Amino acid sequence: MLFTEDEQNHVLSLIAFLEIFKEKSKKLEADTTPTLQMVLESYYKLLKHCNPTENDTPGIRKLRARGRTVVKEEFVIDDLHKIACLLWPRYRYLRMLGNEEEKTRVK
């Protein structure tokens, strides 16, 4: 066996954590469909995904904290993203945003 059971669990946790980043990246990189309206939703979903959970190992907690920092630094949300989100029928009510404070901040 290449990894111990503990190491294998760490690798599986890492893969599970990174899976949503892969999924969102692929969606935002699409060149045959519009993606501008997806940026805001992806931003908030990734931030939420980076919140620590009680089942996280110390390594995964650290990874989530770093992921949160990277998402905040690398995603540049500007008015164009907000307008595209508001005009897209599925997103126009900002359902992906959890509370009124976030909705106000976006507007």
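The values are calculated or read from the model by the stated rules, or taken from the named source; none is laboratory data. In this text, all values refer to a predicted model and were calculated from it rather than measured experimentally. All Cβ positions, glycine included, derive from the backbone under ideal geometry; neighbour counts span all protein chains shown.
Annotations for the structure displayed:
- Flag if I83 is surrounded by 11 or more Cβ atoms within 10 Å (Cβ to Cβ), at pLDDT below 90 and in a helix (DSSP H, G or I): yes
- The lone exception for C50 - which of (1) surrounded by 13 or more Cβ atoms within 10 Å (Cβ to Cβ); (2) within 19 Å of W88 (Cβ to Cβ); (3) modelled with pLDDT of 90 or more it fails: (2)
- Some residue of region 54-75 being surrounded by 14 or more Cβ atoms within 10 Å (Cβ to Cβ) and hydroxyl-bearing (S, T, Y): no
- Here V71 fulfils each of the conditions (1) part of a helix (DSSP H, G or I); (2) of a type in the set (A, V, I, L, M); (3) modelled with pLDDT under 90 apart from (3).
- Filter pass, Q37 being under 18 Å from C85 (Cα atoms) and either polar (S, T, N, Q) or at pLDDT 95 or above (or both): yes
- Filtered residue count, region 1-13, keeping only those that are touching a helix residue (DSSP H, G or I) at 6+ places or on another chain (Cβ under 7 Å) and in a helix (DSSP H, G or I): 2
- Selected residue (criterion: nearest to T53 (Cα to Cα)) from residues of region 1-26 that are within 21 Å of the chain's Cα centre (by Cα) and of a type in the set (S, T, Y): S13
- Lone unmet requirement of (1) loosely packed, with under 13 Cβ neighbours inside 10 Å; (2) within 17 Å of the chain's Cα centre (by Cα); (3) modelled with pLDDT of 90 or more for Y43: (1)
- Residues in region 18-45 that are out of contact with any helix residue (DSSP H, G or I) (no Cβ under 6 Å at 6 or more places or on another chain), in a loop (DSSP other than H, G, I, E, B) and of a type outside the set (V, I, T): E29, A30, D31, P34.
- Residues located in region 46-79, provided they are in contact with a helix residue (DSSP H, G or I) (Cβ under 7 Å, 6 or more places away or on another chain) and farther than 15 Å from S13 by Cα: L46, L47, R68, V71, F75, I77
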